[in-house]
Amino acid sequence: MAKPAMKPKVETSPAKPTASTKPPGAGDNSVSADQLKSFYRDMLLIRRFEERAGQLYGMGLIGGFCHLYIGQEAVVVGMQSTIKLGDSIITSYRDHGHMLAAGMDPKGVMAELTGRASGYSKGKGGSMHMFSREKHFYGGHGIVGAQVPIGTGLAFAHKYNGNNNVSLTYFGDGSANQGQVYEAMNMAALWKLPVIYVIENNRYGMGTSVERASAVTELYRHGESFGIPGERVDGMDVVAVKAAGEKAVEHARNGGPYILEMQTYRYRGHSMSDPAKYRTKEEVDKYRNERDPIDHVRKLLLDGKMTDEAALKGVDADVRKIINDAAEFAQHSPEPDPSELWTDVLVGA
Amino acid sequence: MSIPVLMPALSPTMTEGKLAKWHVKVGDAVKAGQVICEIETDKATMEVEAVDEGTVAQILIEEGAEGIKVNTPICVLAAEGESVADTAKAAPAAPAPAAETPKAEPRPKAEAPAAPQAPAAPAAAAEPEWTGKTAHMTVREALRDAMAEEMRRDGQVFLMGEEVAQYQGAYKVSQGLLEEFGAKRVIDTPITEHGFAGLGVGAAFGGLKPIVEFMTFNFAMQAMDQIINSAGKTHYMSGGQMTCPIVFRGPNGAAARVAAQHSQCYASWYAHVPGLRVLSPWSAADAKGLLKAAIRDPNPVIFLENEILYGQSFDVPEDPEFVLPIGRAKIERPGKDVTITAFSIMVGKALAAAEELAKQGIDAEVINLRSLRPFDTETIVNSVKKTNRLVSVEEGWAFAGIGSELAAQMMEQAFDWLDAPVKRVHGLDVPLPYAANLEKMALPQPENIVAAAHEVCNR
């Protein structure tokens, strides 16, 4: 089965000379046509995956909590294009997009959502707890903010081993007020650890807006007291994400943390059972209709004559097939064997 | 192929809802992700989005209809290139059960199969006899030597914590390590337990073998989430993909006159958690042999030391491969009349009590538990089969304590061998007071153990 065509290496094709005269993200030519097409496909894969996950949840095939990433796709897809093999990735529980962007198999992710033996965690972790050592994806963490010290520790291990890798540590605006986040930032700055803190500011921590939760709402400034540079990025524009990501990753690789505040938006509720009384329908519609990250790339591709409708339709069909296959697989894989109840509690016991 | 759209569940507990509003009508083209209708329950309203592209061929449930069961087909889409009319004809009529719709098999509920029995805990490796030369050293030195030897053996092992490097350890346990191993491997942290415990867990996920020192375990409460949720559970939650080889160590329990916030035994807290190992040494030999085992173990290990024991001296085997098995209790003093179990500093008190009991004609067997998870029930049961009486001693509180667990296990596994109820000797059910006399009253003393032994022996 085809996997997302996400290349772990940054595209090295030179930008056209005009790119330098445009602000980051404003130009449609600061990335190559091939890369833009790959972004389109990867974002669409996440979108379609999440829609299908929502449907399977509605059918009772996915249980518990299920936090969908719809609307935020440009963040992970753009950031993934800036890192290299061996760089580690860690995030919170809104993690399906991160796993797909990291190149994990949609079948294994979907089968974990349905709690099946062929899921990434053998059905024992679920939506919020999946990992892939092969893809250097370290979870999938269910406690708000807990992944931030852990991601900082991954950066510590990179530095200790001298492997020139970085840790991409994602968290949301909700985590941005957690004490342990600042404990970790302090140590990252103190010890010059190669970590990029990507704050996915989707404007609401569950139902509480950033304005009602953070005294300083410019989240990219939250590392100032540790001397950590930060930047606010249009997280709905994958080109802008890539540009800012490259700068941040380079900074981290040279030693020291960097903060990127991605201004993004989730279209769906916090989790599946979210009455969404905290925001207006008009607000959601405005993002969907005017700022959609996938529509944006689609327009760049078509306006730039880098592709045509027929070719995009082909991409849509390919993605749809991958998702259909994943959903089929996830529904027909067996549940874990009862003996799995007792395995993996301890190593070697 | 016609594409049925089913009534979705908003939560795992929702069984039916109201179809509040249609946003599309027959003949409308819909795109994936487009909102087609709204459904309501008493708790929430949700927009239903199309998952597939197509044309609305038939609406099966009218707007405003209530009590629509989850997974009932609510409309049918004609896929691209299909005739809407044909699709509508072929579609199931509402509210007939969806014959050709994808079957949403409910997750198993009531008929959940009985859980398989827990596999028998693998027997801990037998403890080799150490008959070679021994050195007399303090617990403090034994701990330091254990770390130094393991750091020489394995470059991935490092020590981090407050004051472990330049200050040489708040209790001088890490004396000399900075000089030998340098600042890369012996790391002073800021006073941020939650943060550096989590950072240690991340380093362990990343392949290192951290030893995280808490100045005392009282401060590890700040880091509890990282210890339990991140270190303890991730191996299981990842289906065995992730490992967390980390040691959290430091003094546990009461020191002397430092009052309630700095004087608590956390043994039963950590021993409660599957996914952790919990060790609590008494002697310098325990300290060295078990700490080396903890550092080599691929799992998260909680290593509960005791500040008052740091300065006490014991004989320790000089063999550099002296490593104790995890999961083995040790009979420190054989006896036939009553079994006394204890761990950490209470082992010394139990031995003192046994001496006193011997003078009074009661021959006590003293068992040093050493490993609280896994727990060496076998050694205790075998002892009880001999003595038929059990006194459990611990410094911590009684409620839900190690002694409570021990009593339960004896009920389950040695009931017919007991001639008296299990007796618990424990710290009193109060925050530990500061005043010297009150503090002494609150903590188990040898005389309390002696009295308990008399009680279970009925003499």
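Every number here is computed from the coordinates shown, using simple stated rules; none is lab data. Remember, predicted model here, so these are calculated numbers, not experimental data. Here the Cβ positions follow ideal geometry from the backbone for every residue, glycine too, while neighbour counts run over all protein chains shown.
Can you give the FRET efficiency for B:TYR434 and A:ASN254, using 1/(1 + (r/R0)^6), R0 = 35 Å, r = Cβ-Cβ distance, to the nearest 0.05? So the FRET efficiency works out to roughly 0.10. Close amide-amide hydrogen proximity is noted between B:LYS21 and B:GLU38, B:GLY64, each under 5 Å apart and 5 or more residues distant or on a separate chain (H modeled in the peptide plane; Pro and chain starts excluded).
Subtract the Cα-Cα distance of A:LEU341 and A:SER209 from 0.36 nm times their separation in residues, and report this length gain in nm to one decimal.
Details: separation 132, 0.36 × 132 = 47.52 nm, distance 3.96 nm.
The span from A:LEU341 to A:SER209 would gain 43.6 nm if fully extended.
Once the Cβ-Cβ distance between B:ASP225 and A:ALA310 is put in as r, and R0 is 45 Å, what FRET efficiency do you end up with, to the nearest 0.05? Each step should come with its number before you reach the end.
Details: r = 52 Å, r/R0 = 1.16.
It comes to 0.30.
For the options A:MET185, A:MET79, A:MET272, a Gaussian network treatment of chain A with springs between C-alpha atoms closer than 10 Å singles out A:MET272 as fluctuating the most. Build a GNM of chain A with springs between Cα atoms under 10 Å apart, and of A:THR280, A:THR307, A:THR82 the one that fluctuates most is A:THR280. Close amide H pairs (under 5 Å, H built 1.01 Å from N) link B:ALA165 with B:ASP188, residues at least 5 positions away or on another chain. One chain, two ends: B:ALA126 and B:ILE191. Fully extended at 0.36 nm per residue, the span grows by 19.4 nm beyond their Cα-Cα distance. Let me make sure I get this right: for the protein assembly as shown, a, b and c are the square roots of the gyration tensor eigenvalues over alpha carbons, sorted descending. Under 1.5 in a/c it's rounded, otherwise prolate if a/b > b/c, else oblate. Which is it? In terms of gyration-tensor shape, prolate.
What list do you get for B:ARG257, A:ARG266, A:ARG94, A:ARG288 if you sort them by fewest beta carbons within 10 Å?
Working: B:ARG257 13, A:ARG266 22, A:ARG94 26, A:ARG288 17.
Going from sparsest to densest Cβ surroundings: B:ARG257, A:ARG288, A:ARG266, A:ARG94.
One decimal place: the segment B:ASP416-B:GLU62 gains 120.6 nm when fully extended, by the rule 0.36 nm per residue minus the C-alpha distance.
I'd like the FRET efficiency for B:ALA85 and A:ALA117, computed as 1/(1 + (r/R0)^6) with the beta carbon distance as r and R0 of 41 Å, rounded to 0.05.
Numbers: r = 43 Å, r/R0 = 1.06.
It comes to 0.40.
Seen against the Cα atoms of chain B and their longest principal axis, helix B:377-387 is set at about 50 degrees.
Give me a single rounded figure for A:136-144: the average over its residues of other chain Cβ atoms within 10 Å of their Cβ. Before the final figure, lay out each step's value.
On the way: counts 1, 1, 7, 7, 4, 4, 4, 5, 0.
Taking the mean over all residues of the peptide, I get 4.
Legend: mean number of C-beta atoms from other chains within 10 angstrom of residue C-beta atoms, peptide A:155-164, equals 5. Only lysines eight or more places from A:LYS305 in sequence, or on another chain, were considered; those with a Cα closer than 22 Å are A:LYS16, A:LYS22, A:LYS37, A:LYS242, A:LYS313. Label separation (A:LYS277 vs A:GLU231): 4.1 nm, computed from points 7 Å beyond Cα along the C-beta direction. Under 29 Å Cα to Cα from B:LYS359, which lysines show up? Leave out anything in the same chain fewer than 8 places away. Cross-link targets: B:LYS330, B:LYS336, B:LYS349, B:LYS385, B:LYS386, B:LYS423, B:LYS440.
By its C-alpha gyration tensor, with a ≥ b ≥ c as the square roots of the eigenvalues, how is chain A shaped: rounded for a/c under 1.5, else prolate for a/b larger than b/c, else oblate? The shape class here is rounded. The lysines whose alpha-carbon is closer than 28 Å to the alpha-carbon of B:LYS233, local same-chain residues fewer than 8 away aside, are A:LYS107, A:LYS122, A:LYS124, A:LYS135, A:LYS159, B:LYS109, B:LYS209, B:LYS288, B:LYS292. Over chain B, DSSP H runs of length four or greater, each weighted -39,500 (n - 2.57), average out per residue to a 222 nm ellipticity of -7500 deg cm²/dmol. Shape analysis of the range B:2-90 places it in the prolate category; the axes a ≥ b ≥ c from the Cα gyration tensor give an a/c of at least 1.5, with a/b above b/c.
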